[in-house]
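Have a look at the structure below, then the notes.
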There are 2 protein chains.
Amino acid sequence: MTSGFPSPRLSGEARRRGLIRWAGTAVLALQLTTLGCARTSDTGATKRAEPGGGAPAAADPLPSWNDTAPRKAIVEFVERVTKPGSPDFVPVPERIATFDNDGTLWAEQPIYVQAQFIVDRVKVLAPQHPEWKTKEPFASLLQGDMKGVVAVGEKGLMELMAATHTGMTTEEFARTVGDWIATARHPKTGRLHTEMVYQPMLELLAYLRTNGFKTFIVSGGGIEFMRPWTERVYGIPPEQVVGSNVRLKFEMRDGMPVLMKLPAIDLIDDQEGKPVGIERHIGRRPIAAFGNSDGDLQMLQWAAAGTGPRFSLIVHHTDAEREWAYDRDSHVGRLDRALGEAATRGWTVVSMKDDWKTIFPK
Amino acid sequence: MTSGFPSPRLSGEARRRGLIRWAGTAVLALQLTTLGCARTSDTGATKRAEPGGGAPAAADPLPSWNDTAPRKAIVEFVERVTKPGSPDFVPVPERIATFDNDGTLWAEQPIYVQAQFIVDRVKVLAPQHPEWKTKEPFASLLQGDMKGVVAVGEKGLMELMAATHTGMTTEEFARTVGDWIATARHPKTGRLHTEMVYQPMLELLAYLRTNGFKTFIVSGGGIEFMRPWTERVYGIPPEQVVGSNVRLKFEMRDGMPVLMKLPAIDLIDDQEGKPVGIERHIGRRPIAAFGNSDGDLQMLQWAAAGTGPRFSLIVHHTDAEREWAYDRDSHVGRLDRALGEAATRGWTVVSMKDDWKTIFPK
């Protein structure tokens, strides 16, 4: 069943779950299948931002945050760890902050952006693959029959991943992603995906960096899908992006070295994989972590369990008017266990509706 | 044969070669076996540094470099890529420089430092493992019979690696390495291993950073073996260290999250693995790369093949008086193919004897 896409790292349920999270394709399929009934209202998303919510005070580093508990907790934490002589002072090199991407820095509804990329790529590549007309899951996807895609199961998911993310060089893939994201638009709002980022989180990233933090993305999404645009959009350079990835192979092509993307999973950087990705790439434990779903739980636990001052924050999608409202029952970005643990452990929970003046950049 | 230490990534010769390079244990064995005949003179190493070689001119960023071709090439390259308006100007974020460690930043003779760590750890752990008295390769190692260690072959190498590098948490291992390296001394010079670093390379690292470069280590050595001390010794933080690594597993222990080091190879960051490690960790191609052996060839090729200005440098161990002299026939740090390619492609080759005033810090 998995002969074409071997994964030595995970097996069974964990592997299936991770694949779903990474590519988002099964979720995509589920979502498209149930469009209009499973999703909460997203009509408000076209409003983009509250009028009057974004006029920054001159000295305010977080103008899009209401003056509620989460903002107070953030500022109090940053002042505590940056005050010289304080018992909670943290030296600059140890000020590591990790951020989930989907649902924490940008919108993940109605489907993960990377899932939309897969759909679009299959359509673009179809003329070069006449066999896809009769080969599942490509045939169903090309006909818009998402139930057919779902019916093929995990094997189909992996074939979509392999067809769109592997078999090319890393540079070819980066160009493809860069070209796509420059023009691809959100299916509901019509905005560029890179405009569907959260203004308060952009301010938070900048605020932390101003205070000596190094900001990292730690996402279940593909590392090579994010790196072409994170520096421009978030100010986070490629070397500070951690994500799921496939194996690479060094080859010579006409005397020039290339790195080929292989159809074999290297790391699924989600759930238990997030602390693994953090250790692999960063090599020290974050003192602050930011997520929005159960996929972020282990990262939040890992950051919180270190010694000294710690900050863990969950973005709770509570705003059906301006964005989406979803948590325990959502297929995308399910927030269940982590919400319970946040209450138990006193982690900061942001209600997008109550705590953010603005959702998206103007 | 490999059941206890599965490696899905490499097989056969490449895997054996990589393991040897990584742990250095087989090399250690070979070296100890042939001590006194295979090695070139190292008697001069105890001299440490040339008198009068290190008095820096006030404005000289590279005082330990003679005013020969390599130094001129370095300065010319840095001035070229940092001069605003120049056609060869490289923006700061793209100024990525990667350095091999063993033999490029610190001494690797007569054995890799990590191999010495393995020997010392086996001795320390032996009382907890009475079975090692009769179990190979531990029995031979404990009796100082390195021929016996060699006789066990690859299986023995992997068992030594597993016994000393896995089965503990990442934090436990980091503490063990940190404690060891604080006191472990070079078998010939009696200096701390961290004092057997190359003064000219320390100056080069600082010079590049002063000019906006981000400096990374890309080593065949273990990533978790290097991270506990690279910031202190080289000014390179853990998140800028790329190396070989084993797989990690997130677990809860008494309610606290830990990352366990598993006896399974994740990446052998040597030869073809170096560009893979670079892409995985950095996500962009270095514009400058520094190595000393055939294990660095692919990294040098990868850096050199990018567009725009490029700099590739090989440290050639030519100084039997002050350090060691070895290249094409050495078991440790063999430099054969890469030396040929350097000549063909015009890469810079540093002769330690001719181009460095000082080898080690005073």
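Quick look at the values:
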{"quantity": "Per-residue SASA entry for A:HIS317, accessible area with 1.4 Å probe, Å² rounded to 10", "calculated": "10 Å²"}
{"quantity": "Cβ neighbours within 10 Å from other chains - mean over A:294-306", "calculated": "2"}
{"quantity": "Shielding by partners, peptide B:221-227 (average Cβ within 10 angstrom, other chains)", "calculated": "2"}
{"quantity": "D (Stokes-Einstein, µm²/s), Kirkwood Cα radius, the range B:290-362, 0.692 mPa s at 37 °C", "calculated": "256 µm²/s"}
{"quantity": "Shielded residues, the range B:262-276 - accessible-area loss of 50 Å² or more between chain alone and all protein chains, probe 1.4 Å", "calculated": "B:VAL276"}
{"quantity": "Sequence-distant residues sharing a close amide H with A:ALA264 (under 5 Å, placed H)", "calculated": "A:ARG247"}
{"quantity": "Interface burial for A against B (accessible surface, 1.4 Å probe, total of both chains, Å², rounded to 100)", "calculated": "3400 Å²"}
{"quantity": "Estimated FRET transfer efficiency (B:ASP88, B:ASP254; beta-carbon r; R0 51 Å; 0.05)", "calculated": "0.35"}
{"quantity": "Inverse of mean 1/r across different Cα pairs in the range B:109-166, Kirkwood, Å", "calculated": "11.3 Å"}
{"quantity": "Rounded percent of accessible protein surface that carbon and sulfur make up, the range B:253-362, 1.4 Å probe", "calculated": "47 percent"}
{"quantity": "Ascending list, in nanometres, of distances separating the B:MET252 label from those of the other copies (7 Å, Cα toward Cβ)", "calculated": "5.3"}
{"quantity": "Residue (of A:ILE118, A:THR166, A:GLN128) at the positive-pole extreme of the range A:100-204, dipole from beta-carbon charges", "calculated": "A:GLN128"}
{"quantity": "Per-peptide average of other Cβ atoms within 10 Å, ordering B:144-151, A:97-104 highest first", "calculated": "A:97-104, B:144-151"}
{"quantity": "³J(HN,Hα) computed for each position of the range B:320-332 - Karplus, 6.51 cos²θ - 1.76 cosθ + 1.60, integer Hz, glycine/proline x", "calculated": "5, 7, 8, 9, 9, 10, 6, 7, 5, 10, 7, 6, 9"}
{"quantity": "Under Karplus coefficients 6.51, -1.76 and 1.60, residue-wise ³J(HN,Hα) of the range B:93-100 in Hz, glycine/proline x", "calculated": "x, 8, 7, 9, 10, 10, 10, 4"}
{"quantity": "Inter-copy label distances at A:ASP354 (7 Å, Cα→Cβ; nm, one decimal)", "calculated": "7.4"}
{"quantity": "Residues whose placed amide H lies under 5 Å from that of B:TRP356, excluding near-sequence neighbours", "calculated": "B:ASN66"}
{"quantity": "Across the identical copies, how the B:GLY306 labels are spaced - nm, sorted shortest first, 7 Å along Cα→Cβ", "calculated": "2.8"}
{"quantity": "Partner lysines for A:LYS123 [C-alpha distance under 18 Å; skip if fewer than 8 residues away on the same chain]", "calculated": "A:LYS133, A:LYS135, A:LYS147"}
{"quantity": "Accessible surface ranking that places the most exposed of B:ASP88, B:ASP269 first, with a 1.4 angstrom probe", "calculated": "B:ASP88, B:ASP269"}
{"quantity": "10 Å Cβ neighbours from other chains, averaged over peptide A:247-253", "calculated": "5"}
{"quantity": "Spin-label pair A:ARG80/B:ALA184, simplified geometry with 7 Å Cα→Cβ offset, distance in nm", "calculated": "3.8 nm"}
{"quantity": "HN-Hα J in Hz across the range A:60-73 - Karplus 6.51, -1.76, 1.60, θ = phi - 60°, x for Gly and Pro", "calculated": "8, x, 10, x, 8, 9, 5, 8, 10, 4, x, 4, 4, 5"}
{"quantity": "Ranked packing of B:175-184, A:133-142, most packed first, by mean Cβ within 10 Å", "calculated": "A:133-142, B:175-184"}
{"quantity": "Accessible area expressed per residue, the range B:236-338, with surrounding protein chains retained (probe 1.4 Å, Å²)", "calculated": "26 Å²"}
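The values are calculated or read from the model by the stated rules, or taken from the named source; none is laboratory data. Values in this document were obtained by computation on a predicted structure and should not be read as measured data. We place every Cβ from the backbone using ideal geometry, glycine too, and count neighbours over all the protein chains shown. The accessibility values were calculated without ligands, DNA or RNA, using every heavy atom of the protein model including side chains. Shrake-Rupley method; radii C 1.70, N 1.55, O 1.52, S 1.80 Å.
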